[in-house]
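> Sending over a structure as structure tokens; questions will come in a sec.
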Amino acid sequence: MEEHIQLDMKCMPSHVAIIMDGNGRWAKQRGMERTFGHQAGAETVHQIVEEAARLGIKYLTLYTFSTENWNRPTEEITALMGLLFEHIEEETFMKNNVSFKVIGDIDKLPNYVLGKLKKCIEHTSRNTGMSLVLALSYSSKWELTEAARQIATEVKDGKLQLSNIDSDTIQQHLATKDMPDVDLLIRTGGEQRLSNYLLWQCAYAELYFCDTYWPDFKEQELRKAIADYQNRERRYGKTSEQLRSDD
């Protein structure tokens, strides 16, 4: 039996983002269709959400469906939308005091999915524990393009001076404007890239890549990633000596 990993509860990442990769390959290894991998992956989401909430993580953002995923076969997209509809469970969120949010170009989603998302967002809005954020029909290039359009419109309308635009201006026009930047980014499935995900927000994130396919990424795997995070020194451009001096 694998040893339980002890964590420093005073040094938890505030915002964890996950690229949930490997569902299709997990299914292929077992001689099954890709949709079976997505089904298993959806079940893993529930376990990780509950564990993250228990650990006191404040924001958990999951890369659920990218803008590029619209290019997948129609049957797979339909199956993914069906899974999304089935696995948005208010009961789980209410039981764990989790508020539910969505970022992305969600108007492209089917109406039946969109309706359930909005209902769940509204019903969990008063929960005070962890915020679960699904990145749906999302990409960083889409998000930054939208931010640029909004800022340009404000300048054109005389609501914003060109000379006043800074990084905070951009931050306030992002889909994550009410959230802190990412502390820990986890990618499962063995790939080592960000795939157009939270690029602005991950400027100083600690990156953790593992070979485990998402359906097999259980509570212990999340603890491993956080333990690895807790053993790193986050310098934000400073030297180790400066950090010790600040302490």
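> Can you tell me which residues in region 122-135 are surrounded by fewer than 16 Cβ atoms within 10 Å (Cβ to Cβ) and either touching a strand residue (DSSP E or B) at 6+ places or on another chain (Cβ under 7 Å) or not hydroxyl-bearing (Ser, Thr, Tyr) (or both)?
Glu122, His123, Ser125, Arg126
> Which residue out of Ile5, Ile18, Ile48, Ile57 is in a helix (DSSP H, G or I) and not hydroxyl-bearing (Ser, Thr, Tyr)?
Ile48 is the lone residue from the list that is in a helix (DSSP H, G or I) and not hydroxyl-bearing (Ser, Thr, Tyr).
> Looking at (1) among the aromatic types (Phe, Trp, Tyr); (2) out of contact with any strand residue (DSSP E or B) (no Cβ under 6 Å at 6 or more places or on another chain); (3) surrounded by 16 or more Cβ atoms within 10 Å (Cβ to Cβ), find the lone condition where Trp70 falls short.
(3)
> Something else: Looking only at region 146-167, which residues are of a type outside the set (A, V, I, L, M, F, W, C), in a helix (DSSP H, G or I) and free of Cβ contacts under 8 Å to residues at least 24 places away in the same chain?
Arg149, Gln150, Thr153, Glu154, Lys156, Ser163, Asn164, Ser167 - these are the residues of region 146-167 that are of a type outside the set (A, V, I, L, M, F, W, C), in a helix (DSSP H, G or I) and free of Cβ contacts under 8 Å to residues at least 24 places away in the same chain.
> While we're looking at this one, here's another question. Take region 206-229 and flag every residue that is among the hydrophobic types (A, V, I, L, M, F, W, C) and crowded, with 21+ Cβ neighbours inside 10 Å.
Within region 206-229, Trp214, Phe217, Leu222, Ala225, Ile226 qualify.
> Scan Ile170, Ile186 and give me the residue that is in a helix (DSSP H, G or I), crowded, with 16+ Cβ neighbours inside 10 Å and modelled with pLDDT of 95 or more.
Within the list Ile170, Ile186, the selection yields Ile170.
> Can you find a residue in region 136-154 that is loosely packed, with under 14 Cβ neighbours inside 10 Å and aliphatic (A, V, I, L, M)?
Yes: one or more hits.
> Quick check on my filter: what residues within region 83-107 are of a type in the set (Gly, Ala, Ser) and in a loop (DSSP other than H, G, I, E, B)?
Gly104
> Which count do you get for residues in region 178-209 that are hydrophobic (A, V, I, L, M, F, W, C) and in contact with a His (Cβ under 6 Å, 6 or more places away or on another chain)?
Residues meeting the conditions: 1.
> Still on this structure: Output the number of residues of region 125-145 satisfying the condition of being free of Cβ contacts under 8 Å to residues at least 60 places away in the same chain, touching a Phe, Trp or Tyr at 6+ places or on another chain (Cβ under 8 Å) and assigned to a loop (DSSP other than H, G, I, E, B).
1
> Specify the residue that is surrounded by the most Cβ atoms within 10 Å (Cβ to Cβ); the eligible residues are those in region 21-45 that are part of a loop (DSSP other than H, G, I, E, B) and either within 14 Å of the chain's Cα centre (by Cα) or basic (Lys, Arg) (or both).
Asp21
The values are calculated or read from the model by the stated rules, or taken from the named source; none is laboratory data. The shown structure was predicted, so the numbers you read here are calculated from the model rather than taken from an experiment. Cβ atoms come from the backbone with ideal geometry, glycine included; neighbour counts cover every protein chain shown.
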